[in-house]
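**Student:** I'd like to ask you about the structure that follows.
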Amino acid sequence: MKTFVLSTLSEEDVIRLEKDCNLAVRLQPDAGRIDPRALMDGDQAAYLLRDLTDRLRFPSLYVTASLLLKQYSYCLLMPTLYAMTLLDKGLKVGADNCLLEVTFPGEGAWRARLHLKEREVSSPEGSDRASWREEIVGAVFRDHLAKVIRTVSRVSGLSPTVLWENASIYFYWMYETYMPGKAGEEKRSRINEDFHCLLSAHPSLFGERKNPLKRFFCEKCCLPGCDQPVRIRKTCCLYCEVGDGQLCQTCPKRRCR
Ligand code: SF4
């Protein structure tokens, strides 16, 4: 077991994660809460999926599972990877330290934010950053997200491939678009380095036989009607079952020029 320097997340970093990554520093008293451990338990996950399906009037457990994992992946990965790459801080994202705050503003909408019970963080100071990064990647993917995906897939019947692609899309967006837009020139090589290290990381860090981030990564292409190149999905995310019937920009049914 390697040891890294431990400290508490500074107020400045907390404010930054709240602003840039939607971290819930204080839980709203009237908001719903999802304990990640409930999404790792078959009976509790099935209950939660049925409850969300009814509340949001979604047409099936498949749709709820896909949209839940979109929100969940975003809320979990965004602060964790942002803190790792831009702040050199390893958040404590074990299932027992996290809560998902959920609110329902109405008209079928819902919002979620990650809350951390304890703000202890590790940093790579004086140690090998690559090993430190591996610890964080294993903790957030193999020990947390993969377990949620496995359980939600099993109880909903939706393939884990769809759920992993939902998560991977946020990962690409964070490193290709969001973080470069938030950081100065001096952080560009770090963003690039972490992005490529995660894309080529050993599958065991994800608890999978293949690295899921690499699996869905491909060149972007130009589509008629889109002004920016897009990366076409390999699986359908089922979003159009609850949207206004429009195809997603990255829908696999669209054709590249
Ligand atoms: S637009 Fe395409 S990818 Fe999006 S939900 Fe519909 S079929 Fe699936």
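The values are calculated or read from the model by the stated rules, or taken from the named source; none is laboratory data. Not measured: the values here are computed from a predicted model. Heads up, the Cβs are rebuilt from the backbone with ideal geometry, glycines too, and the neighbour counts pull from every protein chain shown. The area values use the complete protein model at the heavy-atom level, side chains included, leaving out ligands, DNA and RNA. Shrake-Rupley method; radii C 1.70, N 1.55, O 1.52, S 1.80 Å.
**Student:** How do 11-23, 175-187 rank on mean C-beta neighbours within 10 Å, highest first?
**Tutor:** Taking the mean over residues of other Cβ atoms within 10 Å, the ranking is 11-23, 175-187.
**Student:** Checking the a/c ratio against 1.5 first, then a/b against b/c, what shape does the Cα gyration tensor give for the stretch 139-224?
**Tutor:** Taking the square roots of the gyration eigenvalues as a ≥ b ≥ c, the stretch 139-224 is prolate.
**Student:** Could you give P(r) for the stretch 218-257, binned at 10 Å from zero, as whole percent values over all Cα-Cα pairs?
**Tutor:** The distribution over the stretch 218-257 is 32, 51, 17, given as percents.
**Student:** Right, another one. From the cross-link list LYS210/LYS234; LYS147/LYS210; LYS182/LYS220; LYS70/LYS187; LYS70/LYS210; LYS92/LYS220, which pairs have alpha carbons spaced over 24 Å apart?
**Tutor:** As for pairs spanning more than 24 Å Cα to Cα, those are LYS70/LYS187; LYS92/LYS220.
**Student:** Then there's this: In terms of solvent-accessible area of protein heavy atoms at a 1.4 angstrom probe, what is the ranking of HIS196, HIS115, highest value first?
**Tutor:** Descending order: HIS196, HIS115.
**Student:** Hydropathy at least 1.0 by Kyte-Doolittle, axial extent at least 24 angstrom from the Cα trace: which helices of the chain, defined as entire DSSP H runs, fit?
**Tutor:** none
**Student:** A follow-up question, please. Go through the stretch 51-133 and name the GluC sites (Glu not before Pro) that are in a DSSP coil and have 14 or fewer other Cβ atoms within 10 Å of their Cβ.
**Tutor:** Taking the stretch 51-133 and a limit of 14 other Cβ atoms within 10 Å, the loop GluC sites (Glu not before Pro) found are GLU107, GLU118, GLU125.
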